[in-house]
Amino acid sequence: MGPVLRLHTGAVAQTRAVAAALAELVRPGDLLLLAGDLGAGKTAFTQGFGAALGVEDRITSPTFTIANHYRGRLELNHLDVYRLEQLDEVLDTGIHELLDEGGVTLIEWGDAILPALPASYLEIRFLLGIGDDDRTLDVIPVGDLWAARLRALRAALAPWAETGATGGGDAGEPSC
Ligand SMILES: Nc1ncnc2c1ncn2[C@@H]1O[C@H](COP(=O)(O)OP(=O)(O)OP(=O)(O)O)[C@@H](O)[C@H]1O
Ligand SMILES: [Mg+2]
């Protein structure tokens with residue numbers, strides 16, 4: 001597991017803005033895992049992410065389907081595996097085929113299906129804060145693809161970094 005960038009947002013609009021900043025860094029085939037507390041903002045994040053990719057359709061949580069697909073600058077695949085009980089069920093949904101298709105895939109509760117996922121992904125762990133609108137977002141680059149983008153990640157996310165760092169996100173760890 002790579003270093004954690006800890007972010008703080010104090011309003012849903014800020015979480016959407018974090019997502020928009022990340023959307024500028026993604027490449028075809030990328031995977032983002034959205035994990036953490038119920039109602040903490042995983043779907044709100046996806047909405048901000050999609051808007052930044054130019055998705056015009058309203059993004060809602062996939063309820064009756066496992067995956068929703070949206071057309072933007074890149075195709076956006078939005079999955080929510082909260083209700084999936086068995087890994088077999090996940091494998092049957094063809095996640096690997098989806099990832100190979102060149103879109104960007106966001107999976108809510110994706111940490112529940114790690115054995116079904118590739119070695120490189122960006123995990124974002126959402127935690128409820130003290131105030132109603134306070135959220136902590138831990139951004140965890142996993143695998144080579146994201147480790148190589150650590151510097152860019154730090155820079156893009158510096159405005160929300162909990163340390164208040166603004167100079168490229170140097171939060172104490174040696175830069176790569
Ligand atoms: N700082 C914040 N960031 C994100 N959402 C926030 C924030 N402050 C308040 N909210 C509100 O919290 C709710 C988050 O709901 P959302 O559906 O995005 O959560 P979720 O993590 O997808 O939930 P679930 O686990 O049920 O899928 C929204 O109503 C949003 O307006
Ligand atoms: Mg959700």
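None of the figures in this text is laboratory data; all of them are computed from the coordinates on show. Fair warning: this is a prediction, and the values are worked out from it, not measured in the lab. When we count neighbours, we look across all protein chains shown, and the Cβ atoms used for this are built from the backbone with ideal geometry, even at glycine.
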- Message: List the residues, sorted by chain then number, that are 5 or more residues from GLU75 or on another chain and whose placed amide H is less than 5 Å from its amide H.
- Response: VAL104
- Message: Can you sort ARG6, ARG16, ARG27, ARG151 from fewest to most other Cβ atoms within 10 Å of each residue's own Cβ?
- Response: ARG27, ARG151, ARG6, ARG16
- Query: Charges only on Cβ, +1 for Lys and Arg, -1 for Asp and Glu: so what's the dipole of segment 58-97 about the Cα centre, in debye to the nearest 20?
  - Reply: 420 debye
- Message: To test your reading of the geometry: what angle, between 0 and 90 degrees and rounded to tens, separates the Cα axis of helix 12-23 from the longest principal axis of the chain?
- Response: 80 degrees
- Hey, can you grab everything whose amide H is under 5 Å from the amide H of LEU7? Only 5+ residues off in sequence or another chain; H modelled, so Pro and N-termini drop out. LEU137, ASP138, VAL139, GLU162
- Task: Choose one answer from PRO115, PRO28, PRO62: the residue with the largest mean-square fluctuation in a GNM of the chain with alpha-carbon springs under 10 Å.
- Result: PRO115
- 12 Å beta-carbon shell around ALA44, net charge (K/R +1, D/E -1): +1
- Item | Computed lengthening from GLU56 to ASP37, 0.36 nm per intervening residue step minus Cα-Cα distance | 4.1 nm
- Note on the structure: Checking THR60, THR15, THR46 against a Gaussian network model of the chain (alpha-carbon springs below 10 Å), the top fluctuating residue turns out to be THR60
- Compute the long axis of helix 42-52 from its Cα atoms, compare it with the longest principal axis of the Cα atoms of the chain, and write down the angle in degrees, 0 to 90, nearest 10. 80 degrees
- Task: Please give the contour-minus-distance gain from ASP144 to ALA11: 0.36 nm per residue of separation, less the Cα-Cα distance, rounded to one decimal in nm.
- Result: 44.7 nm
- Relative contact order %, the chain, counting alpha carbon pairs below 8 Å whose residues are six or more apart: 31 percent
- Note on the structure: Looks like segment 5-160, by Cα gyration tensor root eigenvalues a ≥ b ≥ c and the a/c under 1.5 rounded cutoff (else prolate when a/b is bigger than b/c, oblate otherwise), is rounded
